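Trainee: Sharing a structure below in structure tokens format, with a few things to ask.
The values are calculated or read from the model by the stated rules, or taken from the named source; none is laboratory data. None of these values were measured; they are calculated from a predicted model. Because the Cβ atoms are built from the backbone with ideal geometry, glycine has one as well, and the counts that use them run over all protein chains shown. To get the accessible areas, we keep the full protein, side chains included, count just its heavy atoms, and leave off ligands, DNA and RNA. Shrake-Rupley method; radii C 1.70, N 1.55, O 1.52, S 1.80 Å.
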Amino acid sequence: MTKLIIDGKEIEVPPEYTVLQACEAAGAEIPRFCFHERLSIAGNCRMCLVELVGSPKPVASCAWGVRDCRPGPKGEPPEIKTRSPMVRKAREGVMEFLLINHPLDCPICDQGGECDLQDQAMAYGVDQSRFRENKRAVEDKYIGALVKTVMTRCIHCTRCIRFAAEVAGVPELGAIGRGEDMEITTYLEEAMTSELQGNVVDLCPVGALTSKPYAFSARPWELNKSESIDVMDALGSAIRIDTRGREVMRILPRVNGDINEEWISDKTRHVVDGLRMQRLDQPYLRENGRLRAASWSEAFAAIAGKLARANPKRVGALVGDLAAVEEVFALKDLMTRLGVVNFDCRQDGPMLDPRWGRASYIFNATIAGIDIADALLIVGANPRKEAAVLNARIRKRWRAAKNFPIGVIGPKMSLTYSYDYLGAGPETLSSIARHSFADALRQAERPLVLVGAQSLARPDGAAIAAFAAKAAVDLGAIKEGWNGFSVLHSAASRVGALDLGFVPGEGGLNAREMAAFGTLDVVFLLGADEIDIAPGAFAVYIGTHGDRGAARADVVLPGAAYPEKSAIYVNTEGRVQMATRASFPPGDAREDWAILRALSDVLGKRLPYDSLAVLRAALYQSYPHFRRNGAIAPGDAADVRRLAERGGALDKAPFREGVGDFYFTNPIARASMVMAECSALAQGRPAMKAAQ
């Protein structure tokens with residue numbers, strides 16, 4: 001530890017600290033524009049100047065190390081002042097320089113009210129400038145559908161450049177020119193291709209980069225802010241949902257070091273308009289081949305009439321990717337009371353079974369565990385498309401480690417880090433122990449085997465899971481204090497539904513069998529839009545959007561989207577998370593569990609909970625781990641060893657990518673004009689511009 005005297009207060013800090021970190025540890029506030037905790041140090045804005053006693057001029061605290069501070073003439077600890085006249089004059093000068101060319105755009109700037117430059121000009125600036133020259137003007141740049149540029153406002157902090165190169169791993173932004181002629185650009189003014197590009201809006205300390213879809217929509221003081229959980233993938237990123245009245249206006253990230261740090265994907269951030277488009281706001285009933293508006297009583301009577309004539313063995317239920325734990329619990333309860341054993345949460349077909357043990361289907365190493373892993377084997381997954389924020393975490397570990405070997409079994413893909421391509425199919429997985437890359441895994445202290453859940457959605461999916469578990473056991477990924485066998489899901493509902501055991505009972509049919517022609521008379525679809533149900537079955541769809549499930553349904557019951565309900569989700573690592581209600585569902589739409597409760601009355605199988613609190617009490621009694629919000633109930637490593645012993649016959653067909661279009665993975669995203677434009681740009685098709 002190193003001793004310092006900061007503003008007369010003596011403290012001890014680690015020698016690798018910067019002066020800025022030491023000052024903040026002492027409770028001093030240091031302004032900054034270019035410095036960011038998760039980016040490399042640039043040291044180019046000079047706003048963080050402090051006085052180092054004995055130095056002839058102030059020093060940039062973000063770029064000056066504690067170990068570089070010289071002691072006093074008699075060996076006393078180095079002294080730093082953050083509020084001296086020298087510091088105040090230096091900061092006023094820096095602010096004056098920054099404002100020389102900055103336009104007076106505050107009344108029309110979307111950053112107004114949340115602008116670092118505004119705040120720091122008030123705190124550290126002066127009320128007049130000595131410069132009378134004309135301000136420079138810079139042409140705005142086109143960098144894609146999501147980020148709006150007003151480059152005259154840019155102060156050249158280079159945060160966006162460093163984020164694109166270091167975190168996103170797609171170095172598409174850079175600087176051209178020097179001095180007053182310097183400009184930030186994509187060089188050829190093409191759209192950025194990163195799935196994380198929207199984060200540069202949060203990083204920009206001025207109004208140079210703002211959200212294009214959100215432009216001129218609202219001011220921050222007009223909005224109500226609710227903390228919630230993202231469901232666009234299975235990571236459960238921490239988000240803040242801002243609403244005005246009943247309308248969701250924007251979605252921003254919250255800091256959560258265990259999951260998303262402070263980043264979110266573009267789909268998470270910009271799916272907002274999809275929450276308004278193509279919404280189901282009243283029940284519908286199919287008559288003469290066409291859906292017509294109906295009342296709740298009509299819809300329930302039609303369902304009751306069909307169920308009264310149906311054999312429970314020919315009734316089934318499927319859960320979609322965005323369903324919360326409460327509604328899955330209510331649906332399972334209702335199906336059990338009806339004597340139904342045909343239910344499944346694996347609409348896309350991955351061969352995962354909760355009877356194999358919880359460790360067989362969760363990300364056992366945890367997302368934060370990637371930071372301490374020292375070798376990685378990816379089996380049949382594309383983290384960049386299936387979990388863009390987790391992919392950034394892998395890249396962070398790859399950059400931080402001097403040697404972080406990564407091997408890939410599956411299709412060749414464009415990731416944001418280099419990797420060793422081992423093979424395309426399961427035969428490579430079965431012989432991985434004899435591959436040269438296996439030595440890197442055996443020598444690693446904490447190897448990680450990442451298995452894509454989508455790769456298990458094949459006839460030989462159970463065998464693939466077994467061989468992946470065997471590879472984890474044989475290569476040393478299962479040991480005392482470390483379980484490196486990790487399944488990466490892409491559906492937010494999947495782990496919670498598996499925890500509830502929402503899979504076929506004894507003699508029950510799985511999702512593929514239920515979707516086949518002639519197997520069912522009645523099927524309930526709880527937001528299940530990614531599966532095609534064959535003609536013949538009477539389909540009851542409970543969901544939010546007029547998507548594939550509603551188009552197939554005979555009865556449509558309008559549900560609530562994720563910002564419109566208080567709900568529990570379990571992410572891919574098995575962490576229980578609570579989403580809070582930010583707005584209300586439109587029209588006659590209701591929360592899904594409440595729809596099931598009302599339907600149970602009509603069916604004569606009344607569910608015993610009239611409120612969400614009573615439902616959760618029943619849930620906690622049956623499954624106590626759901627009570628521990630924010631905690632992970634760890635899996636037993638013995639489950640992985642038992643899974644490794646199951647074996648099975650492998651198909652020779654190569655793995656295929658599980659996510660075809662990153663921007664169109666669920667009904668909310670498919671309803672979004674912004675996602676449609678992003679998808680068109682990613683596919684190289686002409687983009688239909690979203691309304692500005």
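Trainee: Could you run through segment 101-117 and say how many residues are open to solvent by 30 Å² or more (accessible area, probe 1.4 Å) and not in a loop (DSSP other than H, G, I, E, B)?
Mentor: Selection size over segment 101-117: 4.
Trainee: Output the number of residues of segment 202-226 satisfying the condition of being touching a residue at least 24 places away in the same chain (Cβ under 8 Å) and closer than 18 Å to Glu262 by Cα. Can you show your working first?
Mentor: We begin by selecting, within segment 202-226, every residue touching a residue at least 24 places away in the same chain (Cβ under 8 Å); these are 202-221, 223-224, 226.
Narrowing further to those that are closer than 18 Å to Glu262 by Cα: 202-205, 209-211, 226.
Of the residues in segment 202-226, 8 are touching a residue at least 24 places away in the same chain (Cβ under 8 Å) and closer than 18 Å to Glu262 by Cα.
Trainee: Only one residue in Asp651, Asp601, Asp636, Asp661 is open to solvent by 50 Å² or more (accessible area, probe 1.4 Å), without any contact (Cβ under 8 Å) to a residue 24 or more places away in the chain and of a type outside the set (A, V, I, L, M, F, W, C). Which one? Spell out the reasoning first.
Mentor: Values: Asp651 fails: without any contact (Cβ under 8 Å) to a residue 24 or more places away in the chain; Asp636 fails: without any contact (Cβ under 8 Å) to a residue 24 or more places away in the chain; Asp661 fails: open to solvent by 50 Å² or more (accessible area, probe 1.4 Å).
After ruling out the rest, the residue left standing is Asp601.
Trainee: Where in segment 510-596 are there strands (runs of 3 or more DSSP E), lying wholly inside it, with at least 2 residues that are under 30 Å from Phe485 (Cα atoms), open to solvent by less than 10 Å² (accessible area, probe 1.4 Å) and not aliphatic (A, V, I, L, M)?
Mentor: Fully inside segment 510-596 and qualifying: nothing.
Trainee: Going by the conditions given, is Ala392 crowded, with 24+ Cβ neighbours inside 10 Å and among the aliphatic types (A, V, I, L, M)?
Mentor: Against the criterion (crowded, with 24+ Cβ neighbours inside 10 Å and among the aliphatic types (A, V, I, L, M)), Ala392 qualifies.
Trainee: Pick out, from segment 610-692, the helices (runs of 4 or more DSSP H) lying fully within it that include 3 or more residues that are among the aliphatic types (A, V, I, L, M) and closer than 30 Å to Ala472 by Cα.
Mentor: The helices (runs of 4 or more DSSP H) meeting that bar are 637-644.
Trainee: Taking segment 421-445 as the region of interest, how many residues are in a helix (DSSP H, G or I), open to solvent by 20 Å² or more (accessible area, probe 1.4 Å) and small (Gly, Ala, Ser)?
Mentor: Summing the residues that are in a helix (DSSP H, G or I), open to solvent by 20 Å² or more (accessible area, probe 1.4 Å) and small (Gly, Ala, Ser) in segment 421-445 gives 3.
Trainee: Please indicate, with yes or no, whether at least one residue in segment 265-287 is under 20 Å from Val522 (Cβ atoms) and over 36 Å from the mean Cα position of the chain (by Cα).
Mentor: Scanning segment 265-287, I find at least one residue that is under 20 Å from Val522 (Cβ atoms) and over 36 Å from the mean Cα position of the chain (by Cα), so the answer is yes.
Trainee: Every residue in segment 461-480 that is more than 22 Å from Leu390 (Cα to Cα) and open to solvent by 10 Å² or more (accessible area, probe 1.4 Å), please.
Mentor: Result: Ala462, Phe467, Lys470, Val473, Asp474, Gly476, Lys479, Glu480.
Trainee: Name the one entry in Val206, Val248 that is farther than 30 Å from Asp281 by Cβ and over 14 Å from the mean Cα position of the chain (by Cα).
Mentor: Residue meeting the stated conditions: Val206.
Trainee: I've got another one for you. Condition test on Leu376, is it in contact with a strand residue (DSSP E or B) (Cβ under 6 Å, 6 or more places away or on another chain) and modelled with pLDDT of 95 or more?
Mentor: Yes; evaluated as a whole, the condition is true for this residue.
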